[in-house]
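Enquirer: Can you keep this structure in mind? I'll have questions shortly.
Computed from the coordinates by the stated procedures, all read-outs in this text should not be read as laboratory data. Computed from a predicted structure; not experimentally measured. Don't worry about glycine lacking a Cβ; one is built from the backbone with ideal geometry, like all the others, and counts go over all protein chains shown.
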Amino acid sequence: MRQFPIIAKRSLEVHFLLALMAGLMSSAHADVEGAELEEHRKQYQEAHANFVKTQDYGKDYRLSIESAHQLILKLLQYWITLPEDAVDEPDIRREIRAVYKKTAGSSLTGKYNQAKSFMSRAVWPLLATKEPNQEQASFIAELVKPQIGVRINDKAVKRGKPTEPFGWNVQAAYALALIRSGKAKQGHEEIDLLYAKARINSKVNPEGKLDYGPDAGEGRYRNYKDYLQLCEVLRALRALILDDRIVAAKHLEMAKKLRETFSAEAIPLVSEVEQFLNMKTE
């Protein structure tokens with residue numbers, strides 16, 4: 001009979017030790033993340049200061065932009081893991097805005113369009129795999145709100161005209177951010193606009209591709225059909241959010257008919273929808 005309290009005591013000791021170890025590991029991880037973030041800040045500040053000094057739009061400018069991009073990526077990665085009540089959360093958001101604003105410049109330039117394209121690629125993994133809360137998604141939507149050139153093309157497509165394949169990745173990220181932030185209706189409108197542009201352009205030029213520039217890496221060239229399919233996946237996700245299994249399954253099936261394989265952007269969303277559908281049928 002005496003063994004029970006001893007076992008209970010030992011069990012409590014084990015749980016305490018495990019909790020202590022977890023806390024220490026979390027603290028150590030936070031220290032590493034903090035150190036890496038500070039290093040990226042230092043690299044960015046040095047590169048930006050050097051460019052301001054030299055006004056060299058070759059190597060120095062490229063290093064300034066690259067260091068800004070790396071800092072933004074690190075800030076986003078750090079920010080998305082913060083608890084909702086984290087003291088430094090507002091400061092991190094302000095820093096992301098500030099670095100991004102310096103990188104983007106005027107909203108009527110090609111530089112700004114490139115910055116928007118970069119930001120849409122930077123936030124997509126957060127939206128597609130991290131499943132941010134509504135407040136986080138709202139902040140991301142603010143970062144990738146489509147620029148004026150996208151809206152001009154939106155008006156053209158409403159008149160049934162093909163458009164320049166411009167800002168599609170920005171609009172896709174914005175639609176997904178709206179869906180995640182609880183604004184399903186606005187997200188639906190953005191998806192429809194993007195789908196119309198991809199459909200008209202694809203009809204006029206079936207072999208057409210988008211070029212997002214060398215900094216986009218493997219995702220530089222994108223087929224128009226990728227976006228038709230991605231729109232169907234986004235529609236399926238929206239139906240999932242609204243708990244409409246029939247509509248979600250319909251759009252997922254349409255996405256599969258467009259192409260057997262899915263783009264890297266679509267894969268995590270397809271998995272999310274399929275998991276939802278399987279849960280409903282069990």
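Enquirer: For the chain, with a Gaussian network of springs between Cα atoms less than 10 Å apart, report the residue from Tyr100, Tyr221, Tyr212 with the top mean-square fluctuation.
Expert: Result: Tyr221 has the largest fluctuation of those listed.
Enquirer: Please report the orientation-averaged projected area of the stretch 31-185, defined via the convex hull of its C-alpha atoms, in nm².
Expert: On the way: hull surface 41.5 nm².
Spelled out: convex hull of the Cα atoms, projected over all directions, averaged, 10.4 nm².
Enquirer: Can you pull the three principal axis extents for the Cα set of the stretch 111-282, in Å, largest first?
Expert: Over the stretch 111-282, Cα extents along the principal axes are 47, 34, 32 Å.
Enquirer: So which residue, out of Gln55, Gln114, Gln43, gets the largest mean-square fluctuation from a GNM of the chain using Cα contacts under 10 Å as springs?
Expert: Fluctuation is largest for Gln55.
Enquirer: Let me ask you something else. Just in the stretch 48-85: which chymotrypsin sites (Phe, Trp or Tyr not before Pro) are loop by DSSP and have at most 10 other Cβ atoms within 10 Å? Could the numbers behind the result be given before it?
Expert: On the way: sites: Phe51, Tyr57, Tyr61, Tyr78, Trp79; in loops: Tyr57.
Answer by residue number: Tyr57.
Enquirer: Report the residue, chosen from Gly34, Gly58, Gly110, that carries the largest GNM mean-square fluctuation when the chain is represented by alpha-carbon nodes joined by springs under 10 Å.
Expert: Maximum among the listed residues: Gly58.
Enquirer: Here is a follow-up. For the stretch 111-282, what is the relative contact order in percent, using Cα pairs closer than 8 Å and at least 6 residues apart in sequence?
Expert: Details: 226 pairs, mean separation 32.9, N = 172.
So the answer I get is 19 percent.
Enquirer: Continuing with the same structure: Distance between the C-alpha centers of the stretch 193-212 and the stretch 214-257? Whole Å please.
Expert: Comparing the Cα centres of the stretch 193-212 and the stretch 214-257, I get a distance of 15 Å.
Enquirer: Loop only per DSSP, at most 12 neighbouring Cβ atoms within 10 Å: give me the trypsin sites (Lys or Arg not before Pro) in the stretch 147-216, ordered by residue number.
Expert: Numbers: sites: Arg151, Lys155, Lys158, Arg159, Arg180, Lys183, Lys185, Lys197, Arg199, Lys203, Lys209; in loops: Arg159, Lys183.
Filter output for the stretch 147-216: Arg159.
Enquirer: Between Asn223 and residues 5 or more places away or on another chain, which pairs have amide H atoms under 5 Å apart, with H built 1.01 Å from N, and which residues are they?
Expert: Here Leu210 satisfy the definition.
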